[in-house]
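Peer 1: Below you will find the structure I want to go over with you.
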Amino acid sequence: MKWARSAILVPTLCVGTHLRPLCGPVHDMKDRKWIIEPRIRPLVDAINDMGLAVTFSSCEGHFGEDLPVGFNDREMADVCFELKEGTSEAELEKLFGHVIGRHVNSSLMWKATLRVHKEYVPGDKSDYIPGHVFVFLIRPFDPDVSARTKRKNVDLVIKQTVDSIKEYMGKRQGCPAHIVRFTAPAAEGRHGNK
């Protein structure tokens, strides 16, 4: 991901689909980890730790803030990520199938929706060949419930998605989900840190 990494060096940070000001100067790229909001951090960590992808932006979702009627663009949680070098899209699609399959076969399907999509973005060069990223998007199922209920439901689906990723990686590595050993080093790959 080229444009997102460079965008994060300026005084604003692209979080989800909106800009969010940084609270202070970032002198060391490793210091950026604190920017990850706490409710979405488990999903960001699970995606980075599995060794297949690297995240570059996230948003835990913000509910009940200056809401007109229904949803606004902040009433969702998302994590954007790109393939790690050497990972095939087919490998990632197997993970997506597992995560989505587990979601639609649970009662949480009616609490919050889970979508995974591929988003085309400007490429590296001016050759007009787009790059792409992947996005986990979690949005409350019912726009008319309270902000507190939306928050709770999205948090439940974030947890379920993390559990699904761990379960899939455990099967892939041949061990139970609760003792999954991820392949990526813990300090590498957090929101584009290298």
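Peer 1: Which ranges mark the strands (runs of 3 or more DSSP E) fully within region 8-122 that have 2 or more residues being modelled with pLDDT of 90 or more?
Peer 2: By residue number, 53-59, 77-83, 112-121.
Peer 1: Just the residues that are in contact (Cβ under 8 Å) with a residue 40 or more places away in the chain and within 13 Å of PRO140 (Cα to Cα), please, taken from region 97-112.
Peer 2: Passing the criteria: LEU108, LYS111, ALA112.
Peer 1: Could you please find all residues in region 123-146 being touching a Phe, Trp or Tyr at 6+ places or on another chain (Cβ under 9 Å), outside any loop (DSSP other than H, G, I, E, B) and modelled with pLDDT of 90 or more?
Peer 2: Of everything in region 123-146, those that are touching a Phe, Trp or Tyr at 6+ places or on another chain (Cβ under 9 Å), outside any loop (DSSP other than H, G, I, E, B) and modelled with pLDDT of 90 or more turn out to be VAL133, PHE134, VAL135, PHE136, ARG139, PRO140.
Peer 1: Taking region 105-127, which residues are farther than 24 Å from GLU37 by Cβ and either crowded, with 19+ Cβ neighbours inside 10 Å or in contact with a strand residue (DSSP E or B) (Cβ under 8 Å, 6 or more places away or on another chain) (or both)?
Peer 2: TYR120, PRO122, GLY123, ASP124 - these are the residues of region 105-127 that are farther than 24 Å from GLU37 by Cβ and either crowded, with 19+ Cβ neighbours inside 10 Å or in contact with a strand residue (DSSP E or B) (Cβ under 8 Å, 6 or more places away or on another chain) (or both).
The values are calculated or read from the model by the stated rules, or taken from the named source; none is laboratory data. Here the structure is a predicted model, which is why all the values come from computation and not from measurement. Counting neighbours? That spans all protein chains shown, and the Cβs are built from the backbone with ideal geometry, glycine included.
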